[in-house]
Amino acid sequence: MANNMGSLDILSTRAGFNTAVRHIKKTLSIIDLISANKNLADLLEEAEGEELSNEQRPVILRMILVDKMGYKTASANLTAAFEDLSSLADEFSRWKAVDLVVAYYHPDMGVQIANPKQKESLVSIGLFKKHELLVVFAGKMGKPTDELCKKAADLALSLFQGQKVKIPEELYKGEFSVKSAKPEKKAAIVKESGKSVTKKSAKQPAKEKVAAKAKKIPADVSSASSQKAGMRMTPMYSVVVRNELFHNGNVEAWKRIIESYKTKYPGLEVYIYYEGERIININSLFKWGKVKHGSTIQFAVAGKDIKDVAKLQRYLMQGASPQFEAFLKGPVSTVLKLF
């Protein structure tokens, strides 16, 4: 009895009660949409109004997929980083016997939910890192689940960890085929003097097409993922250090470039990675003394309505080269207008 009372403490305050009511209303609205036989991750992306909080996401997944619809689950802390998400989505899209949803506990952005059969949905999560939790849900959209659902969840989890598995033929037969996203008009890319220039349309604003540097992730998928509703992260983009050493001048140039970007787009966050680890303080890249000519530094952008990633990458490449001084002109307190 005491434990039950403790779990109801949230209802003892007006703010807590209102939070609980909003959560219940959100859950019921999603349940009403489930009858349309749509993947839950797709529904969450399309849902209008307030985004789910980091705390709500796993709760709703369990309430709707496990408790209500009987989905089978498989979970593990990943034993290795996985990058080839594009080809993995191609494989999952052939699994017509089951519906799949994945929840990845991103170290920087919290719980991310994706439809692994949709390439743009899966790639938008970014790099699946070692030691982070991944949960796979497999079911039949309200129809009775069976042992094949459990087998599908286990096999999917194994594939995410880079293991070689044998896929049973029965997984390829069924009614749960992936629904293709509506094709978007693509902006024409005109190359001039080695630079990519986006040709804009009079009717529709051009959407920037950036060259994805992550392994085997096509540029059109990267562009689609940046336009998705909700908090998303781009794939990793690589910047090769062309200076003899990534020294203090390069560090200061990067700081000013990123400051300019975040001033233009305050809702976006730039994440820096080196040798697979997130760099919180860019100064540490200089202090380590490891980042030399030919080294690769990676970055990703997270947020809603992600823009100008190609331009950011171009500036960061210059900032990591002998031409870094171009970003150090003017008073230190001045924010550069680069974007």
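Couple of notes before you dig in:
- Accessible surface computed residue by residue for the range 129-176, with neighbouring protein chains in place and a 1.4 Å probe, gives 54 Å² per residue.
- Cβ-based net charge around F137, under 10 Å, with every Lys or Arg adding one and every Asp or Glu removing one: +1
- If you take all other residues with their beta carbon under 11 Å from the beta carbon of L336, and give Lys and Arg +1 and Asp and Glu -1, the sum is +4.
- Förster radius 30 Å - calculated FRET efficiency between I280 and L328, Cβ distance, rounded to 0.05: 0.85
- Low-density loop positions, trypsin sites (Lys or Arg not before Pro), the range 252-305 - DSSP coil, at most 13 other Cβ in 10 Å: K290
- Within-10-Å neighbourhood charge of F246 [Cβ basis; K, R +1; D, E -1]: +2
- Modelled FRET efficiency - R0 22 Å, K164 with K130, Cβ distances, 0.05 increments: 0.75
- Spacing of the two label points (7 Å from each Cα toward its C-beta) at R62 and E147, in nm: 2.8 nm
- Rounded to 0.05, the FRET efficiency of the N248 and K337 pair, given R0 = 25 Å and the Cβ-Cβ distance, is 0.60.
The values are calculated or read from the model by the stated rules, or taken from the named source; none is laboratory data. Values in this document were obtained by computation on a predicted structure and should not be read as measured data. Glycine also receives a Cβ, built like all others from the backbone with ideal geometry; neighbour counts cover every protein chain displayed. SASA here: full protein model, heavy atoms, side chains in, ligands and nucleic acids out. Shrake-Rupley method; radii C 1.70, N 1.55, O 1.52, S 1.80 Å.
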